[in-house]
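Worksheet: one structure, shown below.
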Amino acid sequence: MNLLFWNLHNHENSLYIEKLLDEHNIDIALFSEHKNFKLDFIKKPHSNYKIIPAMGACEKILSLCKTNINIKTRREQTRYAIYTFTAHETLIILVGLHLESNPYSGSDARKTTISELMFDLNALEKENHSGKTIIIGDFNASPFDSELVQKNMFNAVLFKELLRKCEFDTYNGKKYRRFYNPMLDYITESVQRYGSFHYTADINSLHWYCFDQVLLRKNLMDRLISLDYCKSIGNKSILTKDGYPNSKISDHLPLLVEVDLDGK
């Protein structure tokens, strides 16, 4: 299954998106900062995509999927939406999110939203006996930040071996299920895959940030096939001449993720 997440920076990028969906055979696409997204191409007679119906509580995420995918919105909050669909008779839980902006909001604001999300997600996983969850979106935090690694937050580890040894952490007598965060394995200088967002104004700036990420539960971590920050769409670069995200298109690069959900 091919997933796309893109923070559109409130630009009308329908032509780029239509090409992205076709070029990468996207099954499910999720967008944030989408208020000017017109979606005209979905209305075309030959369109293979539909809007995933929302419950009305999520302002930050808009999602599309192929018309042959039966997907349901199960939980929503202003900054996240939780969906379920079945792949080869296995229930998959998919979360799209856009956490509070960094540096304009602190980690405490993001942690408040994460706490609400994890409450909803844990209940849904328990209800459906599902260990196959994917979270994708703009976390506005880096892989090593406390929002990602704290045990009562996402509890996301960067090494599969830790998850193979133990899927749960115990802290103060309470068990916390882990996520796998693959970003460390895919950020590399060899192909100039540095991150999805470029920012230099802060005195402690990292220059490149991996704000757009994907997390997977243990049962899916070995099914991740590829992950990439898209730098061109068709034959057109979406970077500036200096090699940074072109803010006239978006200040974030699209995140492309392929996961094997064939059930074998």
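The values are calculated or read from the model by the stated rules, or taken from the named source; none is laboratory data. Only a predicted model underlies this, so the values are computations on that prediction, with no experimental measurement involved. Cβ: placed from backbone, ideal geometry, glycine included. Neighbour counts: every protein chain shown. To get the accessible areas, we keep the full protein, side chains included, count just its heavy atoms, and leave off ligands, DNA and RNA. Shrake-Rupley method; radii C 1.70, N 1.55, O 1.52, S 1.80 Å.
May I ask you to list the residues in region 137-179 that are hydroxyl-bearing (Ser, Thr, Tyr) and either in contact with a strand residue (DSSP E or B) (Cβ under 7 Å, 6 or more places away or on another chain) or touching a residue at least 24 places away in the same chain (Cβ under 8 Å) (or both)?
Answer for region 137-179, where residues must be hydroxyl-bearing (Ser, Thr, Tyr) and either in contact with a strand residue (DSSP E or B) (Cβ under 7 Å, 6 or more places away or on another chain) or touching a residue at least 24 places away in the same chain (Cβ under 8 Å) (or both): SER142, SER146, TYR176.
Condition first: surrounded by 22 or more Cβ atoms within 10 Å (Cβ to Cβ) and of a type in the set (A, V, I, L, M). Can you find one or more residues in region 16-24 that meet it?
Within region 16-24, one or more residues are surrounded by 22 or more Cβ atoms within 10 Å (Cβ to Cβ) and of a type in the set (A, V, I, L, M).
Restricting to region 27-70, what's the tally of residues that are under 15 Å from ASN2 (Cα atoms) and either of a type in the set (Lys, Arg) or touching a Ser or Thr at 6+ places or on another chain (Cβ under 9 Å) (or both)?
Total meeting the criteria: 9.
How many residues does region 91-143 hold that are part of a strand (DSSP E or B), under 13 Å from ARG75 (Cβ atoms) and open to solvent by 10 Å² or more (accessible area, probe 1.4 Å)? Step through it out loud before you land on a result.
From region 91-143, those part of a strand (DSSP E or B) are 91-98, 133-138; that's our starting set.
Right, trim to under 13 Å from ARG75 (Cβ atoms) and you get 93-97, 133, 135.
Adding the requirement that they be open to solvent by 10 Å² or more (accessible area, probe 1.4 Å) leaves none.
Selection size over region 91-143: 0.
Can you give me the number of residues within region 31-63 that are under 14 Å from PHE85 (Cα atoms) and in contact with a Leu (Cβ under 8 Å, 6 or more places away or on another chain)?
Residues that pass the stated criteria total 2.
Step by step: first the residues of region 211-241, then only those that are more than 23 Å from ILE17 (Cα to Cα) and among the charged types (D, E, K, R), then the one that is surrounded by the fewest Cβ atoms within 10 Å (Cβ to Cβ). Which residue is that?
Taking the candidates together, the pick is ASP222.
Do you know which residues across region 45-88 are over 27 Å from GLU116 (Cα atoms) and hydrophobic (A, V, I, L, M, F, W, C)?
Within region 45-88, the first condition is being over 27 Å from GLU116 (Cα atoms), and the residues that meet it are 45-50, 66-69, 88.
ILE69 - this is the single residue of region 45-88 that is over 27 Å from GLU116 (Cα atoms) and hydrophobic (A, V, I, L, M, F, W, C).
Select from region 68-90 the residues that are assigned to a strand (DSSP E or B) and aliphatic (A, V, I, L, M) and write down the one among them that is surrounded by the fewest Cβ atoms within 10 Å (Cβ to Cβ).
Residue satisfying both the conditions and the ranking: ALA87.
If HIS9 satisfies every condition in (1) in contact with a helix residue (DSSP H, G or I) (Cβ under 6 Å, 6 or more places away or on another chain); (2) at positive phi but one, which is the exception?
(1)
Could you please let me know if ILE28 is modelled with pLDDT of 95 or more, open to solvent by less than 80 Å² (accessible area, probe 1.4 Å) and β-branched (Val, Ile, Thr)?
Considered against the rule, which asks whether it is modelled with pLDDT of 95 or more, open to solvent by less than 80 Å² (accessible area, probe 1.4 Å) and β-branched (Val, Ile, Thr), ILE28 comes out as yes.
May I ask you to say which residue of THR112, THR133, THR84, THR90 is under 21 Å from GLU258 (Cβ atoms), polar (S, T, N, Q) and more than 18 Å from the chain's Cα centre (by Cα)?
Numbers: THR112 fails: under 21 Å from GLU258 (Cβ atoms); THR133 fails: more than 18 Å from the chain's Cα centre (by Cα); THR84 fails: more than 18 Å from the chain's Cα centre (by Cα).
Of the residues listed, the single one that is under 21 Å from GLU258 (Cβ atoms), polar (S, T, N, Q) and more than 18 Å from the chain's Cα centre (by Cα) is THR90.
For region 39-65, which residues satisfy the criterion of being open to solvent by less than 20 Å² (accessible area, probe 1.4 Å) and of a type in the set (Ser, Thr, Tyr)?
Correct list: SER63 only.
Quick check on ASN36: is it buried (at least 22 other Cβ atoms within 10 Å of the Cβ) and either at pLDDT below 95 or not β-branched (Val, Ile, Thr) (or both)?
No; evaluated as a whole, the condition is false for this residue.
Does any residue of region 1-13 turn out to be touching a residue at least 60 places away in the same chain (Cβ under 8 Å), crowded, with 20+ Cβ neighbours inside 10 Å, of a type outside the set (Phe, Trp, Tyr) and farther than 19 Å from LEU253 by Cβ?
Yes, region 1-13 contains a residue that is touching a residue at least 60 places away in the same chain (Cβ under 8 Å), crowded, with 20+ Cβ neighbours inside 10 Å, of a type outside the set (Phe, Trp, Tyr) and farther than 19 Å from LEU253 by Cβ.
Hey, any hits in region 247-256 for a residue that's under 24 Å from PHE144 (Cβ atoms), at pLDDT 95 or above, in a loop (DSSP other than H, G, I, E, B) and in contact with a strand residue (DSSP E or B) (Cβ under 9 Å, 6 or more places away or on another chain)?
yes
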